[in-house]
Amino acid sequence: MLAIAAIALGVAACSQPASPPEATEASMTEMSTAAPPAAGPITGVGVVTAVDPAAGTVSLDHEAINAIQWPAMSMQFRAEDPTILSNIAVGDHVNFTLKSATETSMIETIQKR
């Protein structure tokens, strides 16, 4: 009985490892149909949860931003020009524009709704 178990373990140890999965047409298709980077202004809507004009930052609880496939969330942004934050206060409902699809933590404009 012990000899049979040893032979079985030996055969298992000598067998070739499973080959890695190959790319399928479906995965290649998914890659080619991924949403392209947003063109034009990327706008959002949210509520101000914190603002620091001296540091040039504003925290927003924003709705989903479909142009860059973001769900609704809370996050901090840096203002490209900190003076745009001078009339913004905690609790304000705002519209804002992100600098670009590659610079999504920077806002160019922010206005009370």
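Assorted remarks:
- ³J(HN,Hα), Karplus 6.51/-1.76/1.60, whole Hz, each residue of the range 60-69, x for Gly, Pro: 10, 9, 9, 6, 4, 10, 5, 4, 10, 6
- Amide proton proximity set for Phe77, modelled H, under 5 Å, gap of 5+: Val58, Ser59, Leu60
- Across all Cα pairs in the range 42-112, the calculated P(r) in 5 Å bins from zero up to the longest distance comes to 4, 19, 34, 28, 11, 3, 0 percent per bin.
- Radius 15 Å from Cβ of Lys99, net charge of other residues (Lys, Arg +1; Asp, Glu -1): -3
- Under the convention that each Lys and Arg Cβ holds +1 and each Asp and Glu Cβ holds -1, the size of the dipole of the range 42-112 around its Cα centre is about 40 debye.
Values in this text are rule-based calculations from the coordinates and carry no lab data. As the structure is a computational prediction, the values presented were derived from the model and not from experiment. Glycine gets a Cβ as well: all are built from the backbone with ideal geometry, and neighbour counts include every protein chain shown.
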